[in-house]
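Asker: Below are the structure tokens for one structure; questions will follow.
We did not get these values from a lab; they are worked out from the coordinates using the rules stated. In this text the structure is predicted, and so the values were computed from the model without any measurement. Note that each Cβ is placed from the backbone with ideal geometry, even for glycine, and that neighbours are counted across all protein chains shown.
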Amino acid sequence: MNLHSPAETRTREIGIIMNGATGRMGYRQHLVRSILAIRDAGGIELADGSRVTVKPLLVGRSISTLAELAAQHDIEDYTTDLDTALADPRWEIYADFLVTKARSTALRKAIAAGKTIYTEKPTAESLEEALELARLADEAGVKTGVVHDKLYLPGLQKLKRLIDSGFFGRILSVRGEFGYWVFEGDWQPAQRPSWNYRAEDGGGIIVDMFPHWNYVLENLFGEVQSVYAEAAVHVKDRWDEAGEHYDATAEDAAYGIFELEGGVVAQINSSWTVRVNRDELVEFQVDGTHGSAVVGLFGAKIQPRNATPKPVWNPDLEDAHDYDGDWQRVPTNEVFINGFRQQWEDFLVSYVVGTPYPFDLLAGARGVQLAEAGLRSSREGRKVALQPLTVHAQESDA
């Protein structure tokens, strides 16, 4: 007697075009730690007992590199011909991990081919282009998803739990510190690609990080209403992957103040020219009327109102108080998987079940909007207001 219903044993395989999977993020986070991890785990179990699994198609420029990668990870399909891949109905989802300058062209092709889209950010080099992509996808009825990986960090998931519980009371402010020292490339190789430091190649920490800060702020605290930013090229002399000197033309640090709906003020420093003196490479401190929290990639600690010390300023006496000891660690209480994989799983379930997905190309366009506004603010030396966006019309900045 068969004790299992058809729904409990049915598995649907979804073909995914992975364009740029040989790059640093595309390979490490999206291919190995997400798609292959889902495949090797036997897929994702849905609410009705059925499963959905994945089959990757690697797309890149070097057939030999693709072949080596495919053999290493037991992947059957790879190609340098994106157009042919997009024309093949076996591949339902187009995933983009290209450099920003190449992304828009590929996304337009995927939309025209009617593929479901999952893409890294920023989604385009300009707000106009990002909104155009969102509009084209909307008109074509194409489901889209944009990577919002920071929301899935264990530390930020703990922060979300604190917010939802009402721990903070009224949230007043957010302070963020992100970054580390990226070597110049002369006496030690740089940890980041050299194009990151050339504006003409789409580099710059504002374009890279402000889209992250936009979705973190709007999903945890409120939509960004204005930004004041100061960008700086602190290290002008750098050396590329071949050891050749070049002049850095894109900012390697940005200091931003963001006004959020509801009166919350956020300050976030982003820098590739800072030496780390904190527990993790990114940390956020959130202060509210009833309590405060400091969270990072993994850790989270809190200080409630009724356990807050009463410091007294006295510059004439050394302060021996252990302020770190006044904070309480937040327990994990659950198992967190890789954030990129978790978002992939959420997107795949939304795609199969047909539920709305909030982190779409319009959400990606809001990230580009904040980056553009940040660059404009730094250039003009003033606060720049952000207007609401729709896929049908673009409001001009104040």
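Asker: Which order, highest average first, do 123-131, 322-330, 347-355 follow once you tally other Cβ atoms within 10 Å for each residue and take the mean per peptide?
Answerer: Result, highest mean first: 123-131, 347-355, 322-330.
Asker: Then there is this: Taking amide H positions as placed in the peptide plane 1.01 Å from N, state which residues far from Gly203 in sequence (5 or more) or on other chains have amide H under 5 Å from it.
Answerer: So Gly203 has HN proximity to Arg198.
Asker: What number, in percent, do you get for the relative contact order of the chain if the mean sequence gap of Cα pairs under 8 Å and at least 6 apart is divided by its residue count?
Answerer: 19 percent
Asker: Which one, Phe210, Val265, Tyr228, projects farthest toward the positive side of the charge dipole computed for the stretch 200-303 from Cβ point charges (K/R +1, D/E -1)?
Answerer: Value computed over the given set: Val265.
Asker: At 7 Å along the Cα-to-beta-carbon direction for both Tyr255 and Gln285, put a label point, then send me their distance in nm to one decimal.
Answerer: Taking the simple label geometry, Tyr255 and Gln285 are separated by 1.6 nm.
Asker: Taking +1 at the Cβ of each Lys and Arg and -1 at the Cβ of each Asp and Glu, which of Gly26, His392, Ala320 sits farthest along the dipole of the chain towards its positive end, judged by Cα position relative to the Cα centre?
Answerer: Positive-most Cα among the choices belongs to His392.
Asker: Under a GNM of the chain (C-alpha, springs under 10 Å), which listed residue has the highest mean-square fluctuation: Ala134, Ala102, Ala242?
Answerer: Sorting by GNM fluctuation, first place goes to Ala242.
Asker: For Lys383, go through the aspartates and glutamates and keep the ones whose alpha-carbon is under 15 Å away, minus same-chain ones fewer than eight residues off.
Answerer: Within the straight-line limit of under 15 Å, Lys383 reaches these aspartates and glutamates: Glu230, Glu259, Glu372, Asp397.
Asker: Given the C-alpha atoms of the stretch 238-354, compute the convex hull and give its volume per residue in Å³.
Answerer: Looking at the stretch 238-354, the number lands at 274 Å³ per residue.
Asker: What net charge is computed for the residues neighbouring Val330, neighbours being all others with C-beta under 12 Å from the C-beta of Val330, Lys and Arg scored +1, Asp and Glu -1? Present the calculation step by step, with values, prior to reporting the outcome.
Answerer: Numbers: positive: Lys158, Lys160, Arg161, Lys301, Arg329; negative: Glu334.
The answer is +4.
Asker: Distance cut-off 22 Å, Cα to Cα: go down the list Lys115/Lys160; Lys121/Lys143; Lys158/Lys310 and report the pairs above it.
Answerer: With Cα atoms farther than 22 Å apart: Lys115/Lys160; Lys158/Lys310.
Asker: Which value results for Rg/Rh of the chain when Rg is the Cα radius of gyration and Rh the Kirkwood radius based on the inverse mean 1/r?
Answerer: The Rg/Rh ratio comes out at 0.99.
Asker: Taking every DSSP beta bridge that has both residues in the chain, what percent is antiparallel when rounded to the nearest 5?
Answerer: 55 percent
Asker: At 222 nm, what helix-only mean residue ellipticity would the chain give, in deg cm²/dmol to the nearest 500, using -39500 (n - 2.57) for each DSSP H run of four or more?
Answerer: -9000 deg cm²/dmol
Asker: With each pseudo-label sitting 7 Å past Cα toward Cβ, what's the Lys236-Arg108 distance in nm, one decimal?
Answerer: 3.7 nm
Asker: From the P(r) of the stretch 115-271, can you give the percent of Cα pairs sitting at distances over 29 Å?
Answerer: Numbers: 3786 of 12246 pairs.
The calculated P(r) of the stretch 115-271 puts 31 percent of pairs beyond 29 Å.
Asker: In Å, what is the Rg of the alpha-carbon atoms in the stretch 111-156, and how long is Dmax?
Answerer: Rg then Dmax for the stretch 111-156, in Å: 12.5, 39.
Asker: Explain nothing, just the number: dipole magnitude of the stretch 247-398 about its Cα centre with +1 on each Lys and Arg Cβ and -1 on each Asp and Glu Cβ, in debye rounded to the nearest 20.
Answerer: My answer is approximately 260 debye.
Asker: Now for a separate question. Can you pull the percent of Cα pairs in the stretch 55-204 with separation above 22 Å? It would help to have the intermediate numbers written out before the result.
Answerer: Values: 6673 of 11175 pairs.
Tail of P(r) above 22 Å: 60 percent of Cα pairs.
Asker: By the gyration tensor of its Cα atoms, with a ≥ b ≥ c the square roots of the eigenvalues, what is the shape of the stretch 328-394: rounded for a/c under 1.5, prolate for a/b over b/c, or oblate?
Answerer: It is oblate, given that a/c is not under 1.5 and a/b is not larger than b/c.
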